[in-house]
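Visitor: Pasting a structure here, questions to come.
The numbers here are math on the coordinates, done by the rules we state, and not lab data. Predicted, not measured: the structure shown is a model, and the values here were computed from it. Heads up, the Cβs are rebuilt from the backbone with ideal geometry, glycines too, and the neighbour counts pull from every protein chain shown.
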Number of protein chains: 2
Amino acid sequence: MLTVDEAQALVLDAVSALPPRRMSLLEALGCVLAEPVVAPIALPPFDNSAMDGFAVIAQDTRGATAEAPRAMKVIEDVPAGSEPQRRVQPGTAARIMTGAPVPAGADAVLLVEHTRPGLPGEVDVLAAAKPGDNIRPRGEDIEPGEVALAAGQALGPGELGLAAALGGTEVSAIRPPRVVIITTGSEVVAPGEELRPGAIYDSNQVTMAASVLAAGAQVARCMHAADDEAAVAEALADCGEADLIITVGGVSVGDYDLVKTALQRVGEIKFWRILMKPGKPVAFGHVDGRALFGLPGNPVSALVTFELLVAPVLRKLAGRTECLPAAIKARLLSDVSHKPPRREYVQAVTRRAEDGYVVQPQAKRGSAMLTSTVGANSLVVLPEESRGERAGDLVEVIPAAGAVL
Amino acid sequence: MLTVDEAQALVLDAVSALPPRRMSLLEALGCVLAEPVVAPIALPPFDNSAMDGFAVIAQDTRGATAEAPRAMKVIEDVPAGSEPQRRVQPGTAARIMTGAPVPAGADAVLLVEHTRPGLPGEVDVLAAAKPGDNIRPRGEDIEPGEVALAAGQALGPGELGLAAALGGTEVSAIRPPRVVIITTGSEVVAPGEELRPGAIYDSNQVTMAASVLAAGAQVARCMHAADDEAAVAEALADCGEADLIITVGGVSVGDYDLVKTALQRVGEIKFWRILMKPGKPVAFGHVDGRALFGLPGNPVSALVTFELLVAPVLRKLAGRTECLPAAIKARLLSDVSHKPPRREYVQAVTRRAEDGYVVQPQAKRGSAMLTSTVGANSLVVLPEESRGERAGDLVEVIPAAGAVL
């Protein structure tokens, strides 16, 4: 049997980032940049005023106070977006708005609050300015030719804003992976239909689709295949648009586990037993050059193996470099039992306390217990060799993707 | 001037959750449940086998060992999804698959590994079973009539899976808020166009749209209005589909801040100066019954005020109860200066270290410095009265929405 760490290393090793494509800035939200963005212009593009006030020559205001104001001739109004027409000379000032270009000659901006209206066409300066006061120099944020965004940078609102501020409308980024989901099992009935005796409703289609979306990837298609080799093979032949295929169910040891046989026929598939609980049986491989995961059919097993094995692969396909789920330390609020030798993941609610995190394992536990996932925002990790952990013990916790703890 | 805490309390107080509507399970991902989901059936719906094996009467296997196996007649095969046809009697067993209903009479399932093939039509039992072994009893996850999901529950993959397992295809949930974004300023040019002297590219449209999406809300429309009262009023009149309106720019003190005047004419708007940096001037109010934020035009100010004021309001509109951004403690990796009296938010990179979090403030700093946001995943909070913090000090940090730290 593989350890979880070995399985994670193997699946990450087997895939690489998808090819980049040009996309609009908003489409690239959450994507990873494939080609650097080099600044074609300076930011800001010109010296500009950080405040509303008067552009002056700093030396010209020396000694000005409220008691001994200095009168200056106002030569021009410079609103944001305009181009100053006149040069500021000694004894003159230009009224200037936030973001407007600083007129030639001026080397400081006096705040409105440090002036008062003077004689017609004049302003009284009530304080001395220092050179550079309230001026944002051209290029202080970035100079032309500098790398604004490096390849590999994940694109959030700020990064996309910088690309736009430089005049860009598109970037070359890794697109989100597309996933096809195939649930299996003749015992499974679609929600909304009648539940015949011996049948259960299919919950895996929605848990997997929701997990794919929560991981920032796209659901290309959802299918259901009966426990029938031909049906599974047909579904697998219909995954043209997928970067990754997930099958759920049909990978354990029983006589009816036909998915296994179907998979082995159409692709290069390895069947694993992983030293983890829930989720021991997992298949991984390639079909027509696409990565494929065969996850166990118990709903909590499917969710946990998704989080630990599939989500990291989706991150790598999307061009991320930190792919494995990060873990934090938290203090247990109640005892939790465990028997060797499998590493166990227990649904839990983690929250911040005075001195770190505390974690409450869910009351119910089991690979088929969907109620154990309700309100859970994390998994407690019980190491392989653990014989149980006690309230007060510090344990490892994996936050759910996107959970802010 | 308002403190940040006062401003947050005021904006949260001014809005309530949007009305619920029926939506498909997948559409409800990330939404808040408005009406409880009560279980119409038990989960599991019937006693079923947790493993592949043989359904037996436990007492009937007493004393069985590999050395002294007990032969039993195999009366039936029960695959998952089928209905057992025969009752298990002493001396008989039914072959059963994971998830299949336990036949009448049987009270335990023996693992395949604890049996071996016997004479034709028989199985040799190599170990004793205890009553209940490898059986998942009907209703162990949930009983009919129990509340499966309470109103107010945020819906993730597990919760949606539970709704599906109970046969549901829809829930009544609060839909994501729709936001209209209006950027202002005659100095602003759309990315991709030619940059005339004195003009800058509009970065706020993409930073705000991306922030809205990252907060789980929807962008109903983006508009740009020139610095002209009529243009702003026209844009505001065109927000029919919005639950929330964001304007960016035009709310400071200058002569050209016409947004202010336009807003005051069409709605009930309060203009605030908030004791925060960046982001002092913010407008908040209502236009035609819709909440409106007027954010400052400097791009970093817009991003920070969004995170601290707009995102909490979007969460409340979406039915969340914990709306304010959560803060964590982190150890500073370098000195950071500060002058009273405004609470300051500094772009920073936070990561987990051995004993908690460490945080590195970005090298550049300033309300117009978009490069300061590149790679930042958090904001360092410098309290109002701080005179600067030193490397090694424990400071408060607000993770960016969706950042996994």
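Visitor: If amide H atoms are built 1.01 Å from N in the plane of the peptide, which residues on other chains or at least 5 residues away come under 5 Å of the amide H of A:Ala64?
Guide: HN-HN under 5 Å from A:Ala64: A:Ala128.
Visitor: Measure off 7 Å from each Cα along the Cα-to-Cβ vector at A:Glu67 and B:Arg86, then give the distance between these two points in nanometres to one decimal.
Guide: Inter-label distance under the simple model: 11.3 nm.
Visitor: Same structure again: Which trypsin sites (Lys or Arg not before Pro) in region A:354-405 pass both tests, a DSSP loop state and at most 14 other beta-carbon atoms within 10 Å?
Guide: A:Arg387, A:Arg390
Visitor: Continuing with the same structure: Please compute the Kirkwood hydrodynamic radius of chain A from all pairs of different C-alpha atoms, in Å with one decimal.
Guide: That comes to 25.7 Å for chain A.
Visitor: Of B:Ala330, B:Ala391, B:Leu379, which is farthest towards the positive pole of region B:328-399's charge dipole, taken about the Cα centre with +1 and -1 on the beta-carbons of Lys, Arg and Asp, Glu respectively?
Guide: It is B:Leu379, whose Cα lies furthest towards the positive end.
Visitor: Ok, one more. Hey, for B:Arg390 with labels 7 Å out along Cα-Cβ, what do the inter-copy distances come to in nm, ordered shortest first?
Guide: Result, one decimal in nm: 4.0.
Visitor: For each of B:Tyr345, A:Tyr357, count neighbouring Cβ atoms within 10 Å of the residue's Cβ, then give the residues from fewest to most.
Guide: Placing the least packed residue first, the sequence is A:Tyr357, B:Tyr345.
Visitor: Next question. Per residue of region A:49-56, in order, report the coupling 6.51 cos²θ - 1.76 cosθ + 1.60 (Karplus, θ = phi - 60°) as ³J(HN,Hα) in whole Hz, putting x for Gly and Pro.
Guide: Those phi angles translate into 7, 7, 9, 7, x, 10, 7, 9 Hz.
Visitor: Please identify, among A:Leu324, A:Leu119, A:Leu213, the residue showing maximal mean-square fluctuation in a Gaussian network model of chain A using a 10 angstrom Cα cutoff.
Guide: Greatest mean-square fluctuation among the candidates belongs to A:Leu119.
Visitor: Once the other residues with Cβ under 9 Å from the Cβ of B:Gly388 are scored (Lys, Arg +1; Asp, Glu -1), what is the net sum?
Guide: Around B:Gly388, the surrounding residues sum to +1.
Visitor: Related question: Simple spin-label model, 7 Å along Cα-to-Cβ: B:Glu354 to B:Leu324 in nm?
Guide: About 3.4 nm separates the two model spin labels.
Visitor: Which order do peptides A:156-162, A:55-61 fall in by mean Cβ count within 10 Å, highest first?
Guide: The peptides rank, most packed first, as A:156-162, A:55-61.
Visitor: For a footprinting-style exposure proxy, rank B:Ser186, A:Ser203, B:Ser49 by other Cβ within 10 Å, fewest first.
Guide: The fewest-first ordering by Cβ neighbours comes to B:Ser186, B:Ser49, A:Ser203.
Visitor: What GluC sites (Glu not before Pro) in region A:1-67 are in a loop by DSSP, with at most 14 other Cβ atoms within 10 Å of the Cβ?
Guide: A:Glu67
Visitor: Per residue and in Å³, how big is the convex hull formed by the alpha-carbon atoms of region A:239-349?
Guide: Hull volume normalised by residue count: 131 Å³.
Visitor: Just tell me how shielded B:76-82 is by partners: mean number of partner chain Cβ atoms within 10 Å of each residue's Cβ, no decimals.
Guide: Per residue, the number of nearby Cβ atoms from other chains is 6 on average.
Visitor: Could I ask something else about it? Lys/Arg Cβ at +1, Asp/Glu Cβ at -1, dipole of region B:48-136 taken about the Cα centre: which of B:Gly105, B:Thr115, B:Ile135 is farthest positive-ward?
Guide: Going by the Cα projections, it comes out as B:Gly105.
Visitor: Treat every Asp and Glu Cβ in region A:130-178 as -1 and every Lys and Arg Cβ as +1, leave all other atoms uncharged, and give the resulting dipole magnitude about the Cα centre to the nearest 20 debye.
Guide: So the dipole magnitude of region A:130-178 works out to roughly 180 debye.
Visitor: Pick from B:Ala39, B:Ala66, B:Ala363: which residue has the top mean-square fluctuation in a GNM of chain B where Cα pairs under 10 Å get a spring?
Guide: In the Gaussian network model the winner is B:Ala66.
Visitor: Semi-axes of the equivalent ellipsoid of region B:28-71: what are they in whole Å, largest first, if each equals the square root of 5 times a C-alpha gyration tensor eigenvalue?
Guide: In descending order the semi-axes read 45, 12, 7 Å.
Visitor: Given +1 on the Cβ of Lys and Arg, -1 on the Cβ of Asp and Glu, and no further charges, what dipole in debye does region A:193-318 carry about its Cα centre, rounded to the nearest 20?
Guide: That gives region A:193-318 a dipole magnitude of about 660 debye.
Visitor: Is there a simple number for the mean count of other chain Cβ atoms within 10 Å of the Cβ of residues in A:346-359, and what is it?
Guide: 1
Visitor: Right, another one. Show the residues, 5+ positions off or on another chain, whose built amide H is closer than 5 Å to the amide H of A:Gly139.
Guide: Those qualifying (amide H under 5 Å, at least 5 residues apart or on another chain) are A:Leu43, A:Phe46.
Visitor: Under a 5 Å amide H to amide H cut-off, with H placed in plane at 1.01 Å, what residues pair with B:Val248 once short-range neighbours are removed?
Guide: Long-range HN contacts for B:Val248: B:Ile182, B:Thr183, B:Thr184, B:Leu295.
Visitor: Same structure, new question: Considering only the other residues whose Cβ falls under 13 Å of the Cβ of B:Pro90, what net charge follows from Lys and Arg at +1 and Asp and Glu at -1?
Guide: Computed value for this residue: +2.
Visitor: Let me ask another. Taking the number of other C-beta atoms within 10 Å as the exposure measure, put A:Val349, A:Val123 in order starting with the fewest.
Guide: Neighbour counts put them in this order, fewest first: A:Val349, A:Val123.
Visitor: Here is a follow-up. Output, in nm with one decimal and in ascending order, the distances from the B:Ser172 label point to the matching label points of the other copies (7 Å from Cα along Cα-to-Cβ).
Guide: The answer, with the shortest distance listed first, is 5.3 nm.
Visitor: Calculate one ³J(HN,Hα) per residue across region A:223-239 by plugging θ = phi - 60° into the Karplus curve 6.51 cos²θ - 1.76 cosθ + 1.60, and present them in order as whole Hz with x for glycine and proline.
Guide: 10, 10, 10, 5, 6, 7, 3, 5, 5, 5, 4, 5, 4, 5, 6, 10, 10
Visitor: With +1 on the Cβ of every Lys and Arg and -1 on the Cβ of every Asp and Glu, and nothing else charged, how large is the dipole of region A:48-136 about its Cα centre, in debye rounded to the nearest 20?
Guide: In debye, rounded to 20, region A:48-136 gives about 160.
Visitor: Report, for A:Glu6, each distance to the same residue's label point in the other copies, shortest first and in nm; define the point 7 Å along Cα→Cβ.
Guide: Inter-copy label distances (nm, one decimal, shortest first): 6.4.
Visitor: Mind checking which of B:Asp52, B:Asp355, B:Asp243 has the largest fluctuation in a GNM of chain B, springs on alpha carbons under 10 Å?
Guide: Looking only at B:Asp52, B:Asp355, B:Asp243, the biggest GNM fluctuation is shown by B:Asp355.
Visitor: Looking down the axis that turns A into B, which residue of A has the closest beta carbon, and how many Å out?
Guide: Result for the axis mapping A onto B: A:Gly402, 3.
Visitor: So, one more: Note the per residue figure in Å³ for the convex hull of the C-alpha positions in region A:173-276.
Guide: For region A:173-276, the hull spanned by Cα atoms encloses 134 Å³ per residue.
Visitor: Can you give me the pair-distance distribution of the protein assembly as shown, C-alpha pairs, 10 Å bins, whole percents?
Guide: Binned Cα distances yield the sequence 3, 12, 19, 22, 16, 11, 8, 5, 3, 1, 1, 0.
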